[in-house]
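Participant: Structure incoming, see below.
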Amino acid sequence: MTHLPDLWFDPTKCFINGQWVAPLGGEQLALTNPSTGEDIGTIARGTAADIDAAVAAAEAARHGEWARTPAFERGRILARISQLILTRVEDLARIEATDVGKPLTQARADAIAMARYMEFYAGAADKIHGETIPYLDGYTVYTLREPHGVTGHIVPWNYPMQIIGRSVGGALTMGNTCVLKPAEEACLTALAFADIARESGLPDGVLNVVPGLGSEAGAALSSHTGVHHMSFTGSVGTGQLIQTAAAQNVIPVTLELGGKSPQLVFDDADFDAALPFLVNAGIQNAGQTCSAASRILVQRGVYDEVTSKMAAKYRDLKVGPAMDDLNVGPLISARQKDIVTDFLAKGSDLTIAAQGEIIADAPSGGHYVAPTLFEGVAPDHPLAQQEIFGPVQTIIPFDDEEDAITIANGTDYGLVASIWSQNGARQFRLAKALDTGQVFINNYGAGGGVELPFGGVGKSGHGREKGFEALYGFSKLKTVAALHG
Ligand code: NAD
């Protein structure tokens with residue numbers, strides 16, 4: 001039997017108006033450790049009634065002390081949150097590793113990234129402002145950046161801390177209030193964050209957290225008429241539901257819906273520099289990453305060399321419990337394991353270049369899948385088109401630049417892409433030609449960069465998070481035109 005690490009908050013409750021309150025429906029959901037498959041506690045099953053209470057608290061808070069809190073003071077609160085997170089990195093990492101199945105080193109990196117978001121936003125809070133606009137004689141015209149009001153945040157289970165950091169952090173920076181619905185599979189660090197924010201001096205009601213099912217608490221939040229902006233990260237199908245609900249209420253929505261992101265390896269690339277990025281970007285968090293590099297496009301002249309080097313790395317990959325801190329942990333749930341196993345079956349017509357190894361003493365109830373590298377995959381194969389969300393990569397050969405661009409842009413998605421080449425002119429040509437929200441040249445992910453605007457095109461979603469760009473999205477612009485003669 002595995003246990004939860006010691007918690008300093010009550011996971012069986014919702015956090016509403018600065019208080020820990022039992023869900024009004026009185027029900028709980030099982031909390032499962034993905035590394036063992038065992039139930040290790042329960043979490044609140046929030047429902048529409050709890051969402052109503054949370055939205056009411058957020059509505060009241062946006063007219064209260066928070067409305068009069070100067071931008072620099074909001075920044076100071078965010079800075080305190082950042083500092084407190086940094087003092088609790090180890091606790092947060094152990095909670096996340098147990099809840100999500102993420103290897104401890106990766107969970108630790110997420111906690112540090114959440115602190116970094118708060119630090120970045122803390123500095124930005126008093127640096128976002130409107131403009132004056134030269135206009136007709138006798139007028140003075142200026143713009144004001146104002147908060148939307150109550151913002152809803154629906155977060156998935158794959159990177160709870162990072163996504164809460166970028167989403168809730170951005171909304172708070174601009175003076176919004178927040179109702180956060182974390183994923184039913186992994187909500188503990190959302191609750192931990194709420195308690196840290198309370199301790200850091202965030203006024204009651206400014207941040208509210210209601211755990212629960214997507215079809216209950218999630219649907220209630222996304223359709224609530226008291227919400228003025230929605231942010232969602234997750235699947236395309238749920239994103240469509242959320243955008244439909246937002247359309248009914250005519251509110252803005254930011255969607256981040258994953259991808260089928262490629263890395264393009266040209267024959268003049270520095271393969272030794274590329275190799276760790278090619279593999280890590282596919283297996284990090286067991287491939288359950290919106291920006292996972294699930295497609296590796298390789299120019300034919302170097303195809304054999306790159307494939308055999310990647311295969312050798314795959315053979316060294318070890319899979320096991322999160323606390324063992326190996327290369328790859330379990331998938332989040334039995335359901336996610338089924339999804340990935342079905343994809344592997346769809347690849348039965350393909351050649352497996354190499355697989356990683358599940359360690360012998362991995363608990364039998366854990367949701368483990370061996371990382372799998374497929375080679376010689378046609379660009380239109382389902383494994384090269386659909387988001388798998390597991391430790392699976394496909395290697396796709398290409399002939400020349402034009403061919404590479406067609407393949408890279410040839411999915412429904414467009415989140416990120418990378419170019420591995422020493423040719424400067426080619427780097428610039430491709431950076432323009434790739435239809436994605438971010439392009440990396442001779443790297444992948446740029447270390448996560450909280451400063452770097454992030455988001456997709458096509459079915460990867462719309463709107464930008466991270467960086468200053470996120471803060472424009474979390475505010476609305478008002479134009480004031482004064483005629484004074
Ligand atoms: P999901 O989109 O259903 O869940 C994400 C969040 O949305 C969770 O908080 C969930 O409770 C909530 N939700 C679910 N149904 C809802 C509804 N009707 N109204 C409002 N909120 C709702 O994703 P999932 O079912 O956990 O995973 C399925 C697939 O989605 C994965 O295999 C993967 O391909 C993709 N996914 C992508 C990301 C990403 O980062 N882009 C994250 C998680 C899952």
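The values are calculated or read from the model by the stated rules, or taken from the named source; none is laboratory data. Note that this is a predicted model, so its numbers are computed, not measured. Every residue, glycine as well, gets a Cβ built from its backbone with ideal geometry; the counts of neighbours run over all protein chains shown. Just the protein is used for accessible areas: all its heavy atoms, side chains included, with ligands, DNA and RNA removed. Shrake-Rupley method; radii C 1.70, N 1.55, O 1.52, S 1.80 Å.
Participant: May I ask for the distance between the Cα centers of the stretch 426-485 and the stretch 105-122, given as a whole number of Å?
Facilitator: The stretch 426-485 and the stretch 105-122 have Cα centres spaced 20 Å from each other.
Participant: What distance in nm separates the two pseudo spin-label positions at E90 and S348, each 7 Å out from Cα along the beta-carbon direction?
Facilitator: That separation, rounded to one decimal, is 4.9 nm.
Participant: Taking the chain as the reference, fit the longest principal axis to its C-alpha atoms, fit the long axis of helix 236-249 to the helix C-alpha atoms, and give the angle between the two in degrees, 0 to 90, nearest 10.
Facilitator: 20
Participant: Would you mind getting the accessible area per residue of the chain, heavy atoms of the protein chains only, 1.4 Å probe, in Å²? Intermediate values should be presented prior to the final figure.
Facilitator: Working: 18420 Å² over 485 residues.
That works out to 38 Å² per residue.
Participant: Now for a different question. With a sphere of radius 14 Å drawn around the Cβ of A58, what net charge do the other residues whose Cβ falls strictly inside it have (Lys, Arg +1; Asp, Glu -1)?
Facilitator: Numbers: positive: R62, K181; negative: D50, D52, E59, E65, D204.
Every neighbour counted, the sum reads -3.
Participant: Additional query: Keeping the other protein chains in place, figure out the carbon and sulfur percent of the accessible area of the chain, with a 1.4 Å probe.
Facilitator: 52
Participant: From zero outward in steps of 10 Å, how is the percent of C-alpha pairs of the stretch 259-352 spread across the bins?
Facilitator: Per 10 Å bin, starting at zero, the Cα-Cα P(r) for the stretch 259-352 comes out as 14, 43, 35, 8, 0 percent.
Participant: How much of the DSSP bridge set in the stretch 262-450 is antiparallel, in percent, rounded to the nearest 5?
Facilitator: Numbers: 4 of 26 bridges.
Percent antiparallel among DSSP bridges in the stretch 262-450 is about 15.
Participant: Please compute the length gained on full extension between H484 and E305, using 0.36 nm multiplied by the number of residues separating them and subtracting their Cα-Cα distance. Provide the component values of the computation, followed by the final result.
Facilitator: Values: separation 179, 0.36 × 179 = 64.44 nm, distance 7.23 nm.
Contour length minus Cα-Cα distance gives 57.2 nm.
Participant: Measuring from label point to label point, each 7 Å out along Cα→Cβ, what is the R76 to E131 span in nm?
Facilitator: Modelled inter-label distance: 3.2 nm.
Participant: Per residue and in cubic angstrom, what volume does the convex hull of the Cα atoms of the stretch 1-128 have?
Facilitator: For the stretch 1-128, the hull spanned by Cα atoms encloses 122 Å³ per residue.
Participant: Once the Cα atoms of the stretch 262-450 are picked out, what are the Rg and Dmax in Å?
Facilitator: Cα-based Rg and Dmax for the stretch 262-450 come out at 15.9, 52 Å.
Participant: What fraction of the Cα pairs in the stretch 390-485, stated in percent, has a spacing above 21 angstrom? Don't jump to the answer; show the numbers that get you there.
Facilitator: Working: 2114 of 4560 pairs.
Looking at the stretch 390-485, the distances longer than 21 Å represent 46 percent of pairs.
Participant: Going 7 Å from the Cα of T244 in the Cα-to-Cβ direction, what parts of the stretch 40-70 have a backbone nitrogen less than 12 Å from that spot?
Facilitator: Nothing falls inside the zone, counting backbone N under 12 Å.
Participant: Moving on to the next point. Given the pairs K318/K432; K318/K466; K318/K459; K13/K127; K337/K459, which span a C-alpha to C-alpha distance of over 30 angstrom in this model? Could you put the intermediate results ahead of the total?
Facilitator: Values: K318/K432 38 Å; K318/K466 32 Å; K318/K459 33 Å; K13/K127 36 Å; K337/K459 23 Å.
In this structure, K318/K432; K318/K466; K318/K459; K13/K127 exceed 30 Å between Cα atoms.
Participant: Take the Cα atoms of the chain, find their three principal axes, and give me the spread along each one in whole Å, biggest first.
Facilitator: 70, 66, 40
Participant: Same structure, new question: Only helical DSSP H runs with n ≥ 4 go in: add -39500 (n - 2.57) per run for the chain, normalise by residue count and round the 222 nm mean residue ellipticity to 500 deg cm²/dmol.
Facilitator: Details: 16 runs with 182 residues, N = 485.
Only helices count here, giving -11500 deg cm²/dmol.
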